[in-house]
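For reference, the structure discussed in these notes is given below.
The values are calculated or read from the model by the stated rules, or taken from the named source; none is laboratory data. Since we're looking at a predicted model, the values are computed, not measured. Here the Cβ positions follow ideal geometry from the backbone for every residue, glycine too, while neighbour counts run over all protein chains shown. Just so you know, the surface numbers come from the protein's heavy atoms only, side chains and all, with ligands and any DNA or RNA stripped out. Shrake-Rupley method; radii C 1.70, N 1.55, O 1.52, S 1.80 Å.
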Amino acid sequence: MKRSLSVVVLLLAALVSQAQILVTREDRERAEALVSQMSLQEKCALITGQDDGFHTAAFERLGIPSVRMADGPQGVRNKTNSTYYPCGISLAASFNREIAHGVGTGIGWDASARGVRIMLCPGVNIYRSPLCGRNFEYYGEDPYLSSETAVQYIRGIQEQRVIATIKHFALNNQEYDRHWTSSIADERTINEIYFPSFRKAVEEARVGAVMTSYNPVNGSHAAENGWLIGHLRRWGHEGIVMSDWTSTYTTLGCLLGGLDLEMPKGYVMNYEAVSELVKNGTVSESVIDEKCCHILQTFAAYGLLDKPMKDESIPENNPASREKAYAAALEGPVLLKNEGILPIKASKKNNIIVLGPNADCIPYGGGSGRMDPIEGTTTTLYQGLAALGKKYSTTLMDWREIDEAALKKATAVIVAVGFNHDTEKEGADRSYSLPKGQNKLISRVASINPNVIVVANSGGEFDVNPWIGSVKALIMAWYGGQEGGRALAAIISGAVSPSGRLPFTFWGSEAKNPAARYYHAALPEVNKVKKNRDPFPNTQYSEGIFLGYRGVERFGVKPMFPFGYGLTYGSFEYSGGSVEQLPYGLKVSFTVKNTSKVTASEVAQVYVSKVDSKIPRPARELKGYEKVTLGKGESKTVSVTLTPNDFSSYSASSHDWVVTPGEYRIIVGDSSASVKIDLPVKL
Ligand code: BGC
């Protein structure tokens with residue numbers, strides 16, 4: 001027996017009480033009235049990017065201003081210097097909704113201060129492989145964690161009257177040959193893994209704009225894919241659907257596929273091409289009118305037709321934004337290994353050496369997410385450590401000229417390695433190994449001094465095998481933004497306990513990842529058809545719904561560090577565990593106690609597991625989490641509400657989410673591999 005969830009979804013949508021900006025009937029009527037006064041030529045200007053490719057068209061006689069847009073997602077860029085926030089994967093690793101909301105708010109302030117009213121973020125493409133050059137911009141492998149992070153980030157931005165643009169819709173999970181390789185996935189996989197972040201952004205954050213992806217999805221380019229874009233409208237999206245920069249191919253495809261705004265300019269939706277199709281009757285002008293309405297009704301809803309673009313009351317160099325960046329930078333880093341070396345407590349004996357390519361720079365990933373922070377506002381890792389005070393004597397050593405004698409005498413050696421804007425970036429996939437020379441550097445340092453702490457900047461997993469056994473600690477630092485160095489110093493010194501958790505499975509080997517066999521499997525095919533893209537080369541999503549930790553039991557592979565894992569300086573005990581029936585779901589409650597002597601944060605994770613499922617289902621799926629900060633000996637009761645949606649799976653035959661009645665387990669743990677509390681429930 002299956003039960004459709006549509007009614008439940010509607011009821012829940014009504015319960016969402018956040019301050020969302022909705023398109024009202026007045027906004028719609030205003031848009032229609034404006035469009036009725038526009039010529040076809042003007043309409044074509046409105047549906048295509050103008051000027052520098054980051055503006056919409058202005059129509060003075062109608063009172064329609066040009067709207068400026070900017071990337072995203074690590075802050076406001078494009079012709080400006082601005083606060084550089086921790087990257088997307090770091091926000092996801094914080095497992096803290098408030099942090100994501102805070103960064104969104106900061107970006108909203110920074111955009112308002114600059115007159116930017118459309119932010120081209122967040123990016124929510126699921127982490128399928130560590131090789132994807134843009135993982136650092138995104139929120140990891142789990143659709144629930146990604147959705148929760150995205151919703152909060154979007155709300156933060158949009159509460160400042162700035163339109164957020166969720167991207168890239170959809171299945172844009174590799175950078176290699178991203179314009180041409182078609183992502184081939186089945187309906188269930190798409191709905192369970194790749195759609196949820198977009199859907200929740202529409203339903204729960206009323207995201208103002210959606211950007212389509214470069215790649216074809218199941219054989220048709222995203223910007224022209226009516227099947228794909230149709231989902232957005234069915235979920236209730238009343239805002240703008242824009243293309244990624246240069247991802248449009250045919251006028252007819254874009255006109256009829258549902259795209260509203262072609263960026264950065266009218267390659268195919270220009271007046272000449274559009275008017276020909278309108279004049280010869282292939283396309284009705286009402287199709288263009290609808291696109292214009294989507295754009296103008298969104299502008300009206302955000303007050304862009306009435307209020308000034310720039311908020312003069314917000315400084316461009318905003319201390320409040322920097323605080324949001326710092327708060328986020330503190331919660332992203334994930335401590336994966338610690339053999340008693342961290343934290344480094346204050347002591348006159350401290351003699352710390354920091355070295356490595358990322359020791360005294362501000363690391364960032366490359367491409368459109370690359371940031372230009374405001375001069376004089378950034379702190380490198382070395383600067384952060386040096387500012388800790390006299391009880392932390394820290395020396396920066398040139399990693400190309402290692403002084404063995406000095407290194408030997410150090411009480412701890414911090415080796416700062418990882419990727420950067422050249423080695424991990426948009427438009428290319430990266431290597432699984434650290435960039436050239438870095439493994440050798442770590443191993444050499446570890447052979448001289450056993451007290452090595454590796455701090456690594458990256459957007460995902462990389463090969464740690466050459467040295468993981470010979471270092472004392474490993475911190476995944478992602479790209480921590482302009483405050484990253486300050487935050488890492490606070491963590492290393494123990495002023496703050498690390499609290500980030502892995503937002504993806506760290507397999508410890510490239511081949512263990514269930515998606516590895518299929519990711520880039522298209523390579524030989526791509527090379528073969530390079531000169532003739534008809535048909536497209538394909539990349540098969542054959543691991544299906546069993547991506548990341550969902551594949552652990554299914555494929556019998558054990559990761560080096562599981563999804564949701566991360567060490568702290570504290571220790572926690574779980575107790576209790578009860579399930580209370582609510583009118584619209586189940587309330588799961590349990591107690592977390594800090595059994596250590598230091599204040600620390602725990603990320604309690606709630607997974608749902610179907611017992612004896614007749615259809616293939618992951619052994620467990622994340623459906624709730626709470627981060628709790630507890631002082632020494634303190635405890636707290638945590639409650640997580642699960643709705644019927646959280647027990648459902650997608651049925652390709654009914655094209656809907658269904659809840660299968662029967663037995664389930666609610667598993668509470670501190671990672672996807674742990675069981676602290678196990679509660680049976682029957683639906
Ligand atoms: C990227 C988008 C970005 C756009 C504008 C494209 O190359 O894929 O994410 O928003 O450029 O810079």
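So which of Gly230, Gly266 is assigned to a loop (DSSP other than H, G, I, E, B) and either touching a residue at least 60 places away in the same chain (Cβ under 8 Å) or away from the ligand (no atom under 16 Å from the Cβ) (or both)? Steps first, please.
Numbers: Gly230 fails: assigned to a loop (DSSP other than H, G, I, E, B).
After ruling out the rest, the residue left standing is Gly266.
Here's the yes/no breakdown for (1) out of contact with any strand residue (DSSP E or B) (no Cβ under 6 Å at 6 or more places or on another chain); (2) at positive phi; (3) not aromatic (Phe, Trp, Tyr):
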position: His55; (1), (2), (3): no, no, yes
position: Thr83; (1), (2), (3): yes, no, yes
position: Ser90; (1), (2), (3): yes, no, yes
position: Phe95; (1), (2), (3): no, yes, no
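Is there a residue being within 16 Å of the ligand (Cβ to nearest atom), surrounded by 24 or more Cβ atoms within 10 Å (Cβ to Cβ) and under 26 Å from His520 (Cα atoms) anywhere in the range 469-478? Quick ask: steps written out before the conclusion?
Going residue by residue through the range 469-478, those that are within 16 Å of the ligand (Cβ to nearest atom) are none.
Looking through the range 469-478, none of the residues is within 16 Å of the ligand (Cβ to nearest atom), surrounded by 24 or more Cβ atoms within 10 Å (Cβ to Cβ) and under 26 Å from His520 (Cα atoms).
Any idea how many residues of the range 413-447 are of a type in the set (Gly, Ala, Ser) and assigned to a strand (DSSP E or B)? Before the answer, list the steps.
Within the range 413-447, the first condition is being of a type in the set (Gly, Ala, Ser), and the residues that meet it are 416, 418, 427-428, 431, 433, 437, 443, 446-447.
Still in the list and also assigned to a strand (DSSP E or B): 416, 418.
So the count comes out to 2.
Say whether the condition of being modelled with pLDDT of 95 or more and more than 25 Å from Gly624 (Cβ to Cβ) is met by at least one residue in the range 139-157. Walk me through how you get there before you give the answer.
Restricting attention to the range 139-157, the residues satisfying the condition of being modelled with pLDDT of 95 or more are 139-157.
Imposing the further condition that a residue be more than 25 Å from Gly624 (Cβ to Cβ) reduces the set to none.
No, the range 139-157 contains no residue that is modelled with pLDDT of 95 or more and more than 25 Å from Gly624 (Cβ to Cβ).
Considering only residues that are open to solvent by 10 Å² or more (accessible area, probe 1.4 Å) and part of a loop (DSSP other than H, G, I, E, B), which ones fall in the range 177-198?
Within the range 177-198, Asp177, Arg178, His179, Trp180, Ala185, Asp186 meet the criteria.
List the strands (runs of 3 or more DSSP E) inside the range 492-595, counting only whole elements, that have at least 1 residues being surrounded by 19 or more Cβ atoms within 10 Å (Cβ to Cβ) and at pLDDT 95 or above. Full working, then the answer.
Working: elements: 538-540, 572-582, 585-594.
Ranges flagged: 572-582, 585-594.
So how many residues does the range 391-405 have that are out of contact with any strand residue (DSSP E or B) (no Cβ under 7 Å at 6 or more places or on another chain) and not in a loop (DSSP other than H, G, I, E, B)?
3
What are the pairs with Cβ atoms under 7 angstrom where one residue, in the range 449-460, is touching a residue at least 12 places away in the same chain (Cβ under 8 Å) and in a loop (DSSP other than H, G, I, E, B) and the other, located anywhere, is crowded, with 24+ Cβ neighbours inside 10 Å and of a type in the set (Ser, Thr, Tyr)? Sequence gap at least six, or different chains.
If the second residue must be crowded, with 24+ Cβ neighbours inside 10 Å and of a type in the set (Ser, Thr, Tyr), the pairs left are Gly460/Tyr127.
Before we move on, is His101 at pLDDT 95 or above, on the phi < 0 side of the Ramachandran plot and within 16 Å of the ligand (Cβ to nearest atom)?
Working: at pLDDT 95 or above: yes; on the phi < 0 side of the Ramachandran plot: yes; within 16 Å of the ligand (Cβ to nearest atom): no.
Considered against the rule, which asks whether it is at pLDDT 95 or above, on the phi < 0 side of the Ramachandran plot and within 16 Å of the ligand (Cβ to nearest atom), His101 comes out as no.
Name the residues in the range 132-176 that are away from the ligand (no atom under 16 Å from the Cβ), assigned to a loop (DSSP other than H, G, I, E, B) and closer than 16 Å to Pro73 by Cβ, would you?
Gly140, Gln160
Between residues in the range 198-214 that are farther than 14 Å from His294 by Cβ and residues that are modelled with pLDDT under 95 and small (Gly, Ala, Ser), which pairs lie under 6 Å by C-beta distance while being six or more apart or on different chains?
Glu203/Ala13
Can you name the number of the only condition in (1) open to solvent by 10 Å² or more (accessible area, probe 1.4 Å); (2) within 15 Å of the ligand (Cβ to nearest atom); (3) under 13 Å from the mean Cα position of the chain (by Cα) that Arg68 fails?
The failed condition is (3).
Could you tell me which numbered condition Ser129 fails, if it satisfies all but one of (1) touching a helix residue (DSSP H, G or I) at 6+ places or on another chain (Cβ under 8 Å); (2) away from the ligand (no atom under 13 Å from the Cβ); (3) open to solvent by less than 10 Å² (accessible area, probe 1.4 Å); (4) not in a helix (DSSP H, G or I)?
All conditions are met except number (1).
Picking from Asp422, Asp429, which residue would you name as being under 28 Å from Leu91 (Cβ atoms) and within 16 Å of the ligand (Cβ to nearest atom)?
Asp429
Could you list all residues from the range 610-636 that are assigned to a loop (DSSP other than H, G, I, E, B) and either touching a Cys at 6+ places or on another chain (Cβ under 9 Å) or hydrophobic (A, V, I, L, M, F, W, C) (or both)?
Within the range 610-636, the subset assigned to a loop (DSSP other than H, G, I, E, B) is 611-620, 631-634.
Residues satisfying the conditions are Val611, Ile615, Ala619.
Examine the range 202-215 for a residue that is within 15 Å of the ligand (Cβ to nearest atom) and in a helix (DSSP H, G or I), and state whether such a residue exists. Break it down stepwise before answering.
Filtering the range 202-215 down to residues within 15 Å of the ligand (Cβ to nearest atom) leaves 207-215.
Filter once more, keeping what is in a helix (DSSP H, G or I): none.
No, that holds for no residue.
Touching a residue at least 12 places away in the same chain (Cβ under 8 Å), farther than 30 Å from Asn457 by Cβ and touching a Leu at 6+ places or on another chain (Cβ under 8 Å): which single residue out of Leu304, Leu255, Leu342 fits that description? Outline the logic, then answer.
Working: Leu304 fails: touching a Leu at 6+ places or on another chain (Cβ under 8 Å); Leu342 fails: farther than 30 Å from Asn457 by Cβ.
Answer to the check: Leu255.
Out of all the residues in the range 321-354, which are touching an Asp or Glu at 6+ places or on another chain (Cβ under 7 Å) and either within 16 Å of the ligand (Cβ to nearest atom) or open to solvent by less than 10 Å² (accessible area, probe 1.4 Å) (or both)? Show your work before the answer.
So the first thing to find is which residues in the range 321-354 are touching an Asp or Glu at 6+ places or on another chain (Cβ under 7 Å), and the list is 321-322, 325-326, 329.
Ser321, Ala325, Ala329, listed by residue number.
Which members of the range 427-448 meet the condition of being among the small types (Gly, Ala, Ser) and either touching a residue at least 40 places away in the same chain (Cβ under 8 Å) or in contact with a strand residue (DSSP E or B) (Cβ under 8 Å, 6 or more places away or on another chain) (or both)? It would help to see each step written out before you state the result.
Pass one, the range 427-448, residues among the small types (Gly, Ala, Ser): 427-428, 431, 433, 437, 443, 446-447.
Result: Gly427, Ala428, Ser431, Ala446.
Residue by residue through the range 269-293, note down the ones that are open to solvent by less than 20 Å² (accessible area, probe 1.4 Å), free of Cβ contacts under 8 Å to residues at least 60 places away in the same chain and either on the phi > 0 side of the Ramachandran plot or not hydrophobic (A, V, I, L, M, F, W, C) (or both).
Let us first name the residues in the range 269-293 that are open to solvent by less than 20 Å² (accessible area, probe 1.4 Å), namely 269, 274-275, 283, 288, 291-293.
Retained after the next criterion (residues that are free of Cβ contacts under 8 Å to residues at least 60 places away in the same chain): 283.
Of everything in the range 269-293, nothing turns out to be open to solvent by less than 20 Å² (accessible area, probe 1.4 Å), free of Cβ contacts under 8 Å to residues at least 60 places away in the same chain and either on the phi > 0 side of the Ramachandran plot or not hydrophobic (A, V, I, L, M, F, W, C) (or both).
For the range 637-683, which positions are in contact with an Asp or Glu (Cβ under 9 Å, 6 or more places away or on another chain), in a strand (DSSP E or B) and surrounded by fewer than 16 Cβ atoms within 10 Å (Cβ to Cβ)?
Those that are in contact with an Asp or Glu (Cβ under 9 Å, 6 or more places away or on another chain), in a strand (DSSP E or B) and surrounded by fewer than 16 Cβ atoms within 10 Å (Cβ to Cβ): Ser639, Glu663, Pro680, Lys682.
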